[in-house]
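Shown next, in structure tokens, is the structure this report addresses.
Each value in this text was obtained by applying a stated rule to the coordinates, not by laboratory testing. Quick caveat: nothing in here was measured; it's all calculated off a predicted structure. Neighbour counts are summed over all protein chains in view; Cβ atoms, including those assigned to glycine, are modelled from backbone coordinates with ideal geometry.
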Amino acid sequence: MSNSTKINNKINSFNKTITVSGDKSLSIRWVLFSSMANGKSKAYNLLLSEDVLAAINAVKKLGINVKLNKKYCSIFGKGPHGYKYKKDIIINAENSGTLGRLIMGILIDTPYKIKIIGDKSLSKRDFNRIAEPLNKFGAKIKLTKKGLPLTIEGNKNLKPIRYLEQKGSAQCKSSIIFAGLKTEGKTHIKAKISRNHTELLCKHLNLPIKVKKTQNYDLIEVSKAKKIKTLNYKIPSDISSAAFFIVLTSLSDNSKLLIKNVNINPSRIGIITILKKMGVSIKFKKKQKYKGEIVADILVNSSKKLKAINCPSKLNSGAIDEFLIIFLVAAKANGTSYFKNIGELNQKESPRLKWGSKILNKIGIKTITTDNSIKIFGKPNLKINKKIIIKDYLKDHRVFMTSVIAALVFGGSW
Ligand code: S3P
């Protein structure tokens with residue numbers, strides 16, 4: 001991302017068939033699972049973003065051979081206990097919370113002390129939410145002010161735990177699942193519902209996991225994995241990347257968009273449910289199963305009339321990465337939209353709830369924001385005629401992309 005971007009052309013319509021890049025959550029998980037598999041795994045359409053490259057560098061540091069070319073990536077795993085590395089290595093998770101947090105669970109049995117570091121934004125984020133359950137297994141994790149740098153020292157005699165995960169954090173749940181896969185005995189997690197890619201991959205790989213669904217929580221039981229099968233995977237496209245184009249189309253006149261082969265895992269499509277309730281026309285085409293996930297083409301049309309929403313909190317976890325872009329739809333909707341219990345947004349790459357209201361205010365939309373909620377007073381005829389400067393995106397690509405879409409649909413000089 002360049003330090004300075006200028007946008008000066010509102011678009012009139014958007015009519016296209018597109019493919020967006022591979023799913024980030026699945027790409028990082030593929031790298032991690034493959035690094036522990038017994039043999040060679042291959043992935044097509046792996047997202048080659050900084051976060052995924054950081055994951056590749058991390059497993060290389062742990063002694064795993066990775067070959068990457070333009071078409072695919074191969075990882076030569078050495079089994080669940082096959083990492084080989086020297087004392088005092090440092091793993092750099094860069095900007096990736098998913099990598100930093102998931103790899104902690106995998107390193108729960110490390111014989112040597114490992115340091116995990118990250119960039120400025122990641123270092124400030126909460127790693128205590130992971131250290132706390134992992135220390136209960138018997139690991140020794142030391143944090144810097146609840147964040148990074150941290151050191152992790154494993155334990156040969158890990159004890160399985162029972163854990164109640166109440167934040168709805170898939171990173172927290174997944175880290176504990178990885179630790180459970182390394183621990184003799186049965187680990188039990190009662191986890192508030194969140195994206196379930198880790199569980200689906202475990203099932204696809206026939207790993208010892210059981211999941212029982214209740215209304216608000218998943219009851220997960222994991223046991224030690226003796227071997228992990230290799231994983232050949234064609235990563236489907238990321239709904240979180242598709243989200244920006246979905247909103248661009250729905251807010252532009254005379255527009256129609258088809259996005260091919262997107263992962264529409266039910267735990268990820270909160271944005272679709274929310275936008276449909278607001279009056280956006282979205283359809284899934286060619287729906288099919290892929291290795292436990294569900295993929296489909298997504299068809300979107302311009303929306304004539306958008307309604308405000310009082311967003312039910314049960315949709316929050318499935319839309320957690322998409323709220324900023326959903327706020328733009330609320331900006332153009334008729335009436336006042338209300339999103340509540342979304343304090344977790346301020347725990348992301350940047351305080352996104354604060355940034356969301358800042359962008360809306362800059363484009364002339366009134367908001368009432370608390371630490372946990374936002375009310376957005378929509379203007380159906382919103383048009384921007386002035387210069388908008390957003391100085392610091394805090395390296396958060398979702399804040400950046402939301403501003404780009406705002407510029408393209410509402411105009412102004414950004
Ligand atoms: C992710 C989980 C979510 C999400 C992040 C990716 C994952 O974070 O915001 O972008 O791949 O598990 P939390 O677990 O903190 O909610």
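Miscellaneous remarks
- The shape of segment 28-101 comes out oblate: with a ≥ b ≥ c from the C-alpha gyration tensor, a/c is at least 1.5 while a/b does not beat b/c.
- Modelled this way, with points 7 Å down the Cα-to-C-beta line, the labels at Tyr112 and Lys210 are 3.9 nm from one another.
- Sites Asn155 and Leu48 - FRET efficiency at Förster radius 35 Å, r taken between beta-carbons, to 0.05: 0.50
- Within segment 18-117, the chymotrypsin sites (Phe, Trp or Tyr not before Pro) that combine a DSSP coil assignment with at most 14 other C-beta atoms in a 10 angstrom radius are Tyr112.
- Distance from the C-alpha centroid of segment 70-131 to that of segment 268-310: 34 Å, rounded to the whole angstrom.
- Each of Ile235, Leu62, Leu143 was scored by the projection of its Cα onto the charge dipole of the chain, and the greatest displacement toward the positive side belongs to Ile235; charges sit on the C-beta of Lys, Arg, Asp and Glu.
- Modelled FRET efficiency - R0 25 Å, Lys358 with Lys314, Cβ distances, 0.05 increments: 0.35
- Helical runs (DSSP H, four residues minimum) scored at -39500 (n - 2.57) apiece and divided by the length of the chain put the mean residue ellipticity at 222 nm at -9000 deg cm²/dmol.
- Tail weight of P(r) past 35 Å, computed on alpha-carbon pairs of the chain, percent: 27 percent
- Computed from the C-beta positions of Phe400 and Lys285, the FRET efficiency with R₀ = 35 Å rounds to 0.75.
- Segment 62-141 shape via C-alpha gyration tensor axes, a/c threshold 1.5: oblate
- Overall dimensions of segment 1-53, expressed as equivalent-ellipsoid semi-axes from the Cα gyration tensor (√(5λ), whole Å, largest first), are 34, 16, 7.
- Global form of segment 296-376, assessed from the alpha-carbon gyration tensor, a/c cut-off 1.5: oblate
- For Lys379, distant residues with modelled amide H under 5 Å away: Lys332, Ala333
- Vicinal HN-Hα couplings computed from phi for segment 300-305 (Karplus, 6.51 cos²θ - 1.76 cosθ + 1.60; Hz; Gly/Pro x): 10, 10, 4, 9, 7, 10
- Sparse packing (at most 12 other Cβ atoms within 10 Å of the Cβ) combined with a DSSP loop state is found for the following trypsin sites (Lys or Arg not before Pro) in segment 36-124: Lys70, Lys71, Lys84, Lys86, Lys87.
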